[in-house]
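Take a look at the structure below.
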Amino acid sequence: MILGVHISGIEKISDAPAAAHELGCNTMQIFARSPQRWRKGGITPKEAKEFIMRLKEFKINPFFIHVSYLINLASPDKRLYESSIEAYIEDILEAQALNADYIVTHMGSHKETSEHAGIARFSDAINRILDKTKSAKVGILLENTSGSGSWLGYKFTHHKEILAGIKQKERVALCIDTAHAYGAGYDLASKDGLKAMLDEIEALAGLNLIKLIHLNDTQVKLGSRLDRHAHIGKGNIGMEGMRRIINHPALKKCAFILETPKDTVTADINNLKLVRKLRKN
C-alpha cells in the first residue's frame with residue numbers, strides 16, 4: 001500500500017523524508033512554504049539537493065506538495081488572481097527542484113461571481129501556468145472540496161469542465177478527499193454512496209485520473225458543505241466506510257495520504273496503524 005501523511009512541524013524541509021520514514025510511510029505530502037503566507041524566499045540548491053538525497057535514502061515515492069491556501073486561481077480580483085498565478089509558477093518550479101511528483105490544489109473560490117466564471121478563470125490560469133512551466137514534469141492534482149462559501153470543486157462536473165478547458169491534459173489529474181466528498185453530499189459511509197461517487201467520476205473524468213486519496217474521516221453531517229477532519233473510523237464515514245474506500249479495487253493502486261488531526265503525539269501513528277489493519281492483502 002502506498003501510504004503516508006501530511007508532514008508538518010519540522011524545522012527544515014530536508015527533515016520531512018526522515019519524519020515520514022519514522023512513521024513507516026513510503027509516501028508523504030508537505031507544504032513547501034507556509035500555507036497562510038506569501039513566499040519570502042525560496043529553497044536553496046543546497047537544501048534541494050539534501051532533500052532529494054533523503055527522499056532516495058528513505059524511499060519516499062511518490063511525493064506530493066500542497067499549494068498555499070492563499071492562492072486563488074478562480075478569484076475575480078485581478079491583483080490576487082495574477083499574484084496567485086505567479087506564486088503557482090514559483091511553486092511548480094520549486095516542486096521540480098525537489099523532485100515532487102505532483103502539486104495538489106483546490107480549485108479556488110469564485111467569490112460569489114458565478115461558478116461558470118470561476119471555472120473559466122481557473123482553467124485559463126492553469127493553462128498559463130502549464131505553458132510557463134513546460135520544462136517541468138510536475139503534475140497538478142485537482143482536489144475536490146466540501147463546497148463551503150463560493151469554493152469550486154464540490155461536484156465533479158466542475159472537474160469535467162476544467163479538464164475540458166485545459167490544453168496540456170497529460171499533466172493534470174485528480175486528488176479525492178474523502179472528508180470533503182462527504183461534506184459535499186457523497187455518502188461514503190455506505191456502499192451505494194461510494195459506488196455512486198466513483199461511477200460519477202468515471203463518467204465525467206475517468207477513474208484512471210485519480211492519483212491520490214486524501215483519506216480523512218469527518219465530523220460534519222452529510223451534505224453540510226463544511227470541512228472538519230476526524231480520525232480514521234471516528235467520524236461519520238466510520239470504520240466500515242473507511243474499510244471500503246481503502247480496499248476498493250478502483251483505488252487500491254492510488255497513493256493514500258492522511259490529513260487527520262494531530263491532536264496527540266501518537267495521532268499519526270495510531271491512524272496509520274488502523275489503516276494498515278483495515279487494508280486487505
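The values are calculated or read from the model by the stated rules, or taken from the named source; none is laboratory data. On a predicted model such as this, the values are computed, not experimentally measured, just so you know. Cβ sites come from the backbone with ideal geometry, for glycine too, and all protein chains shown count toward neighbours.
For the reader, a short list of remarks on this structure follows.
- For the stretch 1-22, a tally of residues being among the charged types (D, E, K, R), without any contact (Cβ under 8 Å) to a residue 24 or more places away in the chain and not in a helix (DSSP H, G or I) returns 1.
- Test: residue in the stretch 209-227 that is at pLDDT 95 or above, on the phi > 0 side of the Ramachandran plot and in a loop (DSSP other than H, G, I, E, B): yes
- Qualifying positions in the stretch 168-184 - more than 13 Å from residue 245 (Cβ to Cβ) and not in a helix (DSSP H, G or I): 168, 172, 173, 174, 175
- Filter result for the condition that a residue is in contact (Cβ under 8 Å) with a residue 60 or more places away in the chain, buried (at least 22 other Cβ atoms within 10 Å of the Cβ) and under 20 Å from residue 254 (Cβ atoms), over 66, 106: 66
- Only one entry in 26, 72, 61 is touching a residue at least 24 places away in the same chain (Cβ under 8 Å), surrounded by fewer than 16 Cβ atoms within 10 Å (Cβ to Cβ) and touching a strand residue (DSSP E or B) at 6+ places or on another chain (Cβ under 9 Å), namely 61.
- Lone qualifier among 68, 75 - being modelled with pLDDT under 95 and of a type in the set (S, T, N, Q): 68
- When each of 236, 270 is tested for being more than 19 Å from the chain's Cα centre (by Cα) and either at pLDDT below 95 or part of a loop (DSSP other than H, G, I, E, B) (or both), the lone residue that passes is 236.
- Qualifying residue in the stretch 186-196 (condition: without any contact (Cβ under 8 Å) to a residue 12 or more places away in the chain and closer than 20 Å to residue 2 by Cβ): no
Results for (1) under 27 Å from residue 249 (Cβ atoms); (2) at pLDDT 95 or above; (3) among the β-branched types (Val, Ile, Thr); (4) buried (at least 19 other Cβ atoms within 10 Å of the Cβ), shown as yes or no for each residue.
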site: 146; (1), (2), (3), (4): yes, yes, no, yes
site: 160; (1), (2), (3), (4): yes, yes, no, no
site: 164; (1), (2), (3), (4): no, yes, no, no
site: 174; (1), (2), (3), (4): yes, yes, no, yes
site: 178; (1), (2), (3), (4): yes, yes, yes, yes
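- Flag if residue 224 is farther than 21 Å from residue 27 by Cβ and crowded, with 17+ Cβ neighbours inside 10 Å: yes
- From the list 192, 187, the lone residue that is in a helix (DSSP H, G or I) and farther than 22 Å from residue 255 by Cβ is 192.
- Screening residue 112 against (1) surrounded by fewer than 19 Cβ atoms within 10 Å (Cβ to Cβ); (2) closer than 30 Å to residue 13 by Cβ leaves a single unmet condition, (2).
- Candidate set from the stretch 255-267 (those that are surrounded by fewer than 21 Cβ atoms within 10 Å (Cβ to Cβ) and touching a residue at least 40 places away in the same chain (Cβ under 8 Å)); member that is farthest from the chain's Cα centre (by Cα): 262
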